[in-house]
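Here is the structure we will look at, set down as structure tokens.
The values are calculated or read from the model by the stated rules, or taken from the named source; none is laboratory data. All values reported here derive from a predicted model rather than from experimental measurement. Cβ atoms come from the backbone with ideal geometry, glycine included; neighbour counts cover every protein chain shown.
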Amino acid sequence: MVLVSWPGAALKIVYLLECRVLSLAVLVFRGNLAKDAELLVLRHENAVLRRHVGRVRYESADRAWFAALARLVPRRRWGEVFPVAPATLLAWHRRLMARKYDTSKRRKPGRPPTSPGIVRLVVRLARENPLWGQRRIHGELMKLGMTVAPSTVWEILRAAGIDPAPRRSGPTWRQFLTAQAAGIVAVDFLHVDTVLLKRIYVLVFIEHGTRRMHLGGVTAHPTGDWTVQQARNLGLTLGERFEDIRFLIHDRGSNFIASFDAVFQATGARILRTAVQAPRMNAICERLVGTLRRELLDHVLILGGGPSARRPDRVPGALQRGPAAPGHRPARPRR
């Protein structure tokens with residue numbers, strides 16, 4: 001079967017129509033007897049072809065010509081004149097009319113997309129006004145002369161990952177922790193083994209707000225009184241900022257005695273003790289300990305704890321600023 005494109009079929013239809021119009025003009029000047037004789041010949045020839053030929057495949061031009069002539073012939077005689085059934089002829093005519101007024105190829109299927117400017121405005125209104133729901137945002141858009149359905153506003157908010165208004169009334173966990181981080185300090189011990197297999201302990205503090213580390217001290221015997229003295233030294237180091245501490249996080253080790261907590265409670269701080277075997281409750285400090293091991297302690301051999309204990313300030317500046325960034329890969333020493 002040969003497929004003919006629509007422009008080519010249109011030209012063929014025009015050509016056939018011109019030929020038929022010229023043939024009709026010739027028939028006008030003929031006599032009635034000649035016309036009747038020619039019609040009888042054509043009818044007989046049509047009947048013979050119907051007996052010997054099976055199903056006939058008509059092209060678009062043939063269908064257009066039959067559909068146009070159908071208006072000139074009474075409907076009761078369609079079965080005698082045309083080589084197709086009357087229902088087929090009507091179907092061809094409806095198809096031609098539908099193709100004339102068809103606009104499906106001129107537009108994209110589905111609902112037209114929302115304007116990018118409206119999408120940006122809806123998202124901006126929702127983020128700047130946490131108490132506004134989709135109905136309120138839809139009303140504000142209508143005041144600005146923008147015709148948008150409420151369901152469209154809801155779809156835009158859902159695609160942007162913005163929850164309904166009641167869930168946006170309060171801060172998120174990230175916002176809450178960021179706001180409270182300025183007054184949180186965490187403390188923990190880490191141990192280091194020397195070349196002679198002697199274990200020493202390092203006390204570290206870290207501020208959640210700035211991720212700044214403070215080295216408390218280094219000792220082989222971390223008693224409760226020694227820990228209390230390191231807390232007092234931290235107060236002298238921070239100065240007035242020591243009074244801004246609102247929460248102190250540490251584990252349930254025996255080194256953190258009541259006197260250690262009292263140093264911070266004197267400024268109104270609240271002591272938060274983590275659960276047993278729950279390092280994630282003090283995740284930032286645990287991460288600092290891991291960073292110290294990967295970036296410093298795993299690359300050096302420690303002979304003894306004397307010099308470090310006397311000079312606790314000799315710590316690289318990069319470690320003083322806090323732990324490594326997420327996804328940071330520590331450099332490995334050359335072998």
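So the values come out like this:
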quantity	calculated
Residue satisfying all of: in the range 148-166; at pLDDT 85 or above and among the β-branched types (V, I, T); surrounded by the most Cβ atoms within 10 Å (Cβ to Cβ) among these	V153
Count of the range 234-261 residues which are over 21 Å from R287 (Cα atoms), surrounded by fewer than 16 Cβ atoms within 10 Å (Cβ to Cβ) and not aliphatic (A, V, I, L, M)	9
Residue in the range 285-298 that is modelled with pLDDT under 90 and among the small types (G, A, S) present	no
Residue within the range 255-270 that is part of a helix (DSSP H, G or I) and under 30 Å from L301 (Cβ atoms) present	no
Failed condition for W132, given (1) part of a loop (DSSP other than H, G, I, E, B); (2) among the aromatic types (F, W, Y); (3) at pLDDT below 75	(3)
Verdict on V289 being over 39 Å from the mean Cα position of the chain (by Cα) and aliphatic (A, V, I, L, M)	no
All positions within the range 71-98 that are among the hydrophobic types (A, V, I, L, M, F, W, C), at pLDDT 70 or above and farther than 14 Å from L17 by Cβ	V73, A87, L90, A91, M97, A98
